[in-house]
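Engineer: First the structure, then my questions, so here it is.
The values are calculated or read from the model by the stated rules, or taken from the named source; none is laboratory data. Please read these numbers as outputs of a predicted model, since none were measured by experiment. Because the Cβ atoms are built from the backbone with ideal geometry, glycine has one as well, and the counts that use them run over all protein chains shown. The accessibility values were calculated without ligands, DNA or RNA, using every heavy atom of the protein model including side chains. Shrake-Rupley method; radii C 1.70, N 1.55, O 1.52, S 1.80 Å.
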Amino acid sequence: MTFRLALLLLLGTLLLAGPCPAQPDTSDAHEQARHEMVRTQIADRGITDRAVLEALRAVPRHRFVPDRLADWAYTDRPLPIGHEQTISQPYIVAFMTEAVQPDSTDRVLEVGTGSGYQAAVLAEIVDSVYTIEIVPALARTARTRLDRLGYDNVTVREGDGYAGWPERAPFDAIVVTAAPQQVPPPLLDQLAPGGRMVLPVGPVREVQQLTRLTKAADGSITRERLMPVRFVPFQRD
Ligand code: SAH
């Protein structure tokens, strides 16, 4: 048998064998889990804003948790991210994002970057996101992660978010993901007319009230209680 014939036979065998069976691809598995998460944990529980649902389908949550927890990323729970902090349950992220009524032209402030996940969800919807994290190591990791994933409309700053980010104010929306006992007045000052702020307010390590404050064009504030929640404490420098 000539070399050429052997080669033909080999090729024929490969062709007959057909394409390789699909390998279990972890990114596909994560994508499937993510779509399932949006359907069962988010849409079925009443979140209807299309942009919010689309954002949760788009952001690879498994890239925002420690590697060993990647397979838990799409489960219905908060997860530890180190430094005694947590990434919120997906439903809470979706709920807060919808509650702050994000618009594509908005400039948004987040206090409590943590993993960077909430910032990424916002960044899928709005023009620009400014986010502040008090734990230096978390701020650094989140910045690297968001850069790698291509979120170039997110700016991460390390520091105490109590004072907000006056150089970038006013903000159309503000999301606070740690619970202060009272609404920080500087954040309210930095809300634009027509702006919305969503934050948990209440005692440390107990149940807090997720609260929305809306600033009217004349500067007056409307305050609504949205639901009871449990967040990590808002720390001060
Ligand atoms: N949004 C985050 C959830 C983070 S948990 C995510 O999507 O992963 C709340 C975060 O707020 C923690 O990382 C905590 O360190 C941070 N934090 C607490 N007090 C803060 C403050 N005063 N200023 C900025 N960040 C604060």
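Engineer: Just to be sure I understand, how many residues within the range 83-113 are open to solvent by less than 10 Å² (accessible area, probe 1.4 Å), in a loop (DSSP other than H, G, I, E, B) and near the ligand (Cβ under 10 Å from one of its atoms)?
Structural biologist: So the count comes out to 1.
Engineer: Hey, any hits in the range 174-194 for a residue that's small (G, A, S), without any contact (Cβ under 8 Å) to a residue 40 or more places away in the chain, in contact with a helix residue (DSSP H, G or I) (Cβ under 9 Å, 6 or more places away or on another chain) and under 30 Å from D218 (Cβ atoms)?
Structural biologist: No, the conditions are met nowhere in the range 174-194.
Engineer: Here is a follow-up. Any residue that is part of a loop (DSSP other than H, G, I, E, B) and at pLDDT 55 or above - is there at least one of those in the range 6-27? Lay out the reasoning, then the answer.
Structural biologist: Filtering the range 6-27 for residues part of a loop (DSSP other than H, G, I, E, B) gives 18-25.
Now narrow it down to the ones that are at pLDDT 55 or above: none.
No, the range 6-27 contains no residue that is part of a loop (DSSP other than H, G, I, E, B) and at pLDDT 55 or above.
Engineer: Only residues that are part of a loop (DSSP other than H, G, I, E, B) and out of contact with any Gly (no Cβ under 9 Å at 6 or more places or on another chain): list them for the range 54-74, please.
Structural biologist: From the range 54-74, those part of a loop (DSSP other than H, G, I, E, B) are 59-60, 65-66, 73-74; that's our starting set.
Those that are part of a loop (DSSP other than H, G, I, E, B) and out of contact with any Gly (no Cβ under 9 Å at 6 or more places or on another chain): V59, P60, V65, A73, Y74.
Engineer: Continuing with this model, one more query. When you scan the range 133-153, do you find a residue that is closer than 18 Å to V198 by Cα, touching a Lys or Arg at 6+ places or on another chain (Cβ under 6 Å) and within 10 Å of the ligand (Cβ to nearest atom), even just one? Full working, then the answer.
Structural biologist: Of all residues in the range 133-153, those closer than 18 Å to V198 by Cα come to 133.
Going one step further and asking which of them are touching a Lys or Arg at 6+ places or on another chain (Cβ under 6 Å), we end up with none.
Looking through the range 133-153, none of the residues is closer than 18 Å to V198 by Cα, touching a Lys or Arg at 6+ places or on another chain (Cβ under 6 Å) and within 10 Å of the ligand (Cβ to nearest atom).
Engineer: Among the residues of the range 154-178, how many are within 9 Å of the ligand (Cβ to nearest atom) and more than 19 Å from P136 (Cα to Cα)?
Structural biologist: Looking only at that region, the number is 1.
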